Amino acid sequence: MTRLHDLSLVAQVAALRDGALVPRDLVEHYLARIDRLAGLGAFAEVTPDAARLRAQDLADASDRGPLWGVPLADKDLVARAGVATRYGSRSRVDVVPAASDPLAAALDAAGAINVGKTSTSEFGLTGFTEPLIHAPARDPWRPEAGAGGSSGGAAVAVAAGLLPAAVGSDGGGSIRIPSATVGVVGLKPSRGRLPIGSGFDSPDGLSVTGPITRTVEDAGLLLDALVGLAPFTYATAAPGRGPFVEAARRRASGLRVGVTTVSPWDDDEDIALDPAARASFDTAAAWLSDAGHAVTDADWHPFGYPALFRVLWRASAARIPLSDTDMALVEPLTAWLVREGRELPALELLGGLTAARAFERRTIADFSAFDVVLTPALAQSPRPVGWYAGHDPERTFAMQVEYAPYSSFVNVAGLPALTLPVTTDATGHPVSVQLVGRPGGEATLLSLGAELEARRGPLPHPPSWDA
């Protein structure tokens, strides 16, 4: 028997539109699952009463936006009026905003129903979601393992069927790392693609908003909705018929695909590609070649990256408004990053930003011979909960790079990237690859991702799916 969480986002939107489902149906179904599977640590806050009232209000609404009736949740870095917004931090435990951030308000305007807050690392600074303020986000396939970060709670919610889709943010891999960890689709848009979470909100230009979904088609639908948020609103022929979801329904032909396992960290850190990750990468390359695409070695030789990214990482922490009292409450890694960032000399910061723009130009030029570049998504299998605890900050940073060396350079280059599961390892756990596109090349990524997805066929669900 088909259950509501078995339906894709596309199918749920269609069922809502034709009256086969009403918003209350979905809200009650997902709230019950969130409650039953609370041990996965996907949520930092659940707001059932507000969600039920919202579903009731939407039932008779005449203005039905592209996400009308769809249950979603805010990442716990997004302020929502009247809802505790803790940013994954003990320094923000009592914060209840009086006003919503633009993303929360825009998703409301699109007709979504907010059911709470998905968990994140403290201020979204790390690629793992194990904040001291609450329980860690756990991989639904292996609950003893962490879910990656910083959108770890969002990825877990999608993988375990607690939400039909999620909206995350990605400043160095924070959508793609957890999505690849738990075996769902993660899409980081190009810098400037979206009206909200565009990447232009900060001097480094790294963080963008994007979809986390179970299918590539779902990612296209959610990207259409995000791109259509004010002030970029565009008319579509019908819900679920936007340009990006349509791209996911088309098969690309004759693309030039570069392949590389090189990362910009190779000369600086101990990067070793796990055999399962290598097998998934090789399988995807072979499938694309079989499909008639021109698959060749990207022959990429990046340089100078580690130093510039360390500057950007520290500078991003310096912008967090923390008082001396707050600094006593934040986690040691956060405190170190904030102090390091605040002590950055102006010339070093300017040098890092200049080097980042030069890296962006070089990378776009290096990849210009290709429509898409294929890389592994992660270098290692999911790490156990607590893997990063107890180390000094520099070692914790290095461990994150060893796990996900293919992520942050995409943010610095401002390029779009899609991660999706292609194979499974010996235990049945999904293993993902990454497709990196040209500037503004999301449609091509969605077409090629859907092609890989179709060749792969259905994946099994994690054990929690049937709970």
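The values are calculated or read from the model by the stated rules, or taken from the named source; none is laboratory data. Note that the structure is a prediction, hence the values are computed from the model and not measured. Cβ coordinates were reconstructed from backbone atoms using ideal geometry, including for glycine residues, and neighbour counts include every protein chain displayed.
What the table below lists for this structure:
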{"read-out": "Qualifying residues in the stretch 11-30 (those that are more than 22 Å from the chain's Cα centre (by Cα) and surrounded by 21 or more Cβ atoms within 10 Å (Cβ to Cβ)) - the one farthest from residue 241 (Cα to Cα)", "value": "27"}
{"read-out": "Selection count, the stretch 423-447, where residues are of a type in the set (A, V, I, L, M, F, W, C), assigned to a helix (DSSP H, G or I) and either touching a helix residue (DSSP H, G or I) at 6+ places or on another chain (Cβ under 8 Å) or farther than 17 Å from residue 259 by Cβ (or both)", "value": "2"}
{"read-out": "Identity of the residue in the stretch 91-104, surrounded by fewer than 17 Cβ atoms within 10 Å (Cβ to Cβ) and free of Cβ contacts under 8 Å to residues at least 24 places away in the same chain, that ends up nearest to residue 222 (Cα to Cα)", "value": "99"}
{"read-out": "Matching residues in the stretch 437-467 - criterion: being touching a Gly at 6+ places or on another chain (Cβ under 6 Å), hydrophobic (A, V, I, L, M, F, W, C) and over 11 Å from residue 190 (Cβ atoms)", "value": "446, 465"}
{"read-out": "Residue in the stretch 328-356 that is farthest from residue 88 (Cα to Cα), counting only those that are in contact (Cβ under 8 Å) with a residue 24 or more places away in the chain and surrounded by fewer than 18 Cβ atoms within 10 Å (Cβ to Cβ)", "value": "351"}
{"read-out": "Test: residue in the stretch 25-40 that is within 30 Å of residue 330 (Cα to Cα), modelled with pLDDT of 95 or more and touching a Phe, Trp or Tyr at 6+ places or on another chain (Cβ under 9 Å)", "value": "yes"}
{"read-out": "Any pair with Cβ under 8 angstrom, 6 or more apart, that starts in the stretch 240-265 at a residue that is within 16 Å of residue 442 (Cα to Cα) and ends at one that is in a loop (DSSP other than H, G, I, E, B) and aliphatic (A, V, I, L, M)", "value": "256/369"}
{"read-out": "Residue in the stretch 249-264 that is modelled with pLDDT of 95 or more, under 17 Å from the mean Cα position of the chain (by Cα), assigned to a loop (DSSP other than H, G, I, E, B) and of a type in the set (Ser, Thr, Tyr) present", "value": "no"}
{"read-out": "Some residue of the stretch 225-237 being part of a loop (DSSP other than H, G, I, E, B), aliphatic (A, V, I, L, M) and modelled with pLDDT of 95 or more", "value": "no"}
{"read-out": "Options 116, 69, 124, 111; residue that is under 21 Å from residue 226 (Cβ atoms), more than 19 Å from the chain's Cα centre (by Cα) and surrounded by 24 or more Cβ atoms within 10 Å (Cβ to Cβ)", "value": "69"}
{"read-out": "Counted residues, the stretch 72-90 - those being buried (at least 23 other Cβ atoms within 10 Å of the Cβ) and either among the small types (Gly, Ala, Ser) or within 29 Å of residue 14 (Cα to Cα) (or both)", "value": "9"}
{"read-out": "Filter result for the condition that a residue is without any contact (Cβ under 8 Å) to a residue 60 or more places away in the chain, out of contact with any Gly (no Cβ under 9 Å at 6 or more places or on another chain) and farther than 13 Å from residue 163 by Cβ, over 63, 57", "value": "57"}
{"read-out": "When residues of the stretch 41-61 are limited to those that are of a type in the set (A, V, I, L, M) and touching a strand residue (DSSP E or B) at 6+ places or on another chain (Cβ under 9 Å), the one farthest from residue 178 (Cα to Cα)", "value": "58"}
{"read-out": "Selection from the stretch 258-317 of residues that are surrounded by 21 or more Cβ atoms within 10 Å (Cβ to Cβ), within 14 Å of residue 372 (Cα to Cα) and of a type in the set (D, E, K, R)", "value": "none"}
{"read-out": "Count of residues meeting criterion [part of a loop (DSSP other than H, G, I, E, B) and at negative phi] in the stretch 77-100", "value": "16"}
{"read-out": "Members of the stretch 16-36 that are over 11 Å from residue 70 (Cβ atoms) and either without any contact (Cβ under 8 Å) to a residue 60 or more places away in the chain or not in a helix (DSSP H, G or I) (or both)", "value": "18, 19, 20, 22, 24, 25, 28, 29, 32, 35"}
{"read-out": "All helices (runs of 4 or more DSSP H) inside the stretch 334-422 with 1 or more residues being of a type outside the set (S, T, N, Q) and farther than 24 Å from residue 176 by Cα", "value": "346-366"}
{"read-out": "Top-ranked residue in the stretch 52-89 [being modelled with pLDDT of 95 or more, touching a Phe, Trp or Tyr at 6+ places or on another chain (Cβ under 8 Å) and not hydroxyl-bearing (Ser, Thr, Tyr); ranked as farthest from residue 125 (Cα to Cα)]", "value": "58"}
{"read-out": "Selected residue [out of contact with any Leu (no Cβ under 8 Å at 6 or more places or on another chain), closer than 30 Å to residue 18 by Cβ, part of a helix (DSSP H, G or I) and of a type in the set (A, V, I, L, M)] from 107, 53", "value": "53"}
{"read-out": "Test: residue in the stretch 160-179 that is among the acidic types (Asp, Glu), touching a residue at least 12 places away in the same chain (Cβ under 8 Å), touching a strand residue (DSSP E or B) at 6+ places or on another chain (Cβ under 7 Å) and more than 28 Å from residue 358 (Cβ to Cβ)", "value": "no"}
{"read-out": "Top-ranked residue of the stretch 144-160 - restricted to ones that are assigned to a loop (DSSP other than H, G, I, E, B) and crowded, with 24+ Cβ neighbours inside 10 Å, ranked as farthest from the chain's Cα centre (by Cα)", "value": "160"}
{"read-out": "Test result for residue 279, outside any loop (DSSP other than H, G, I, E, B), within 16 Å of residue 434 (Cα to Cα), at pLDDT 95 or above and over 22 Å from the mean Cα position of the chain (by Cα)", "value": "yes"}
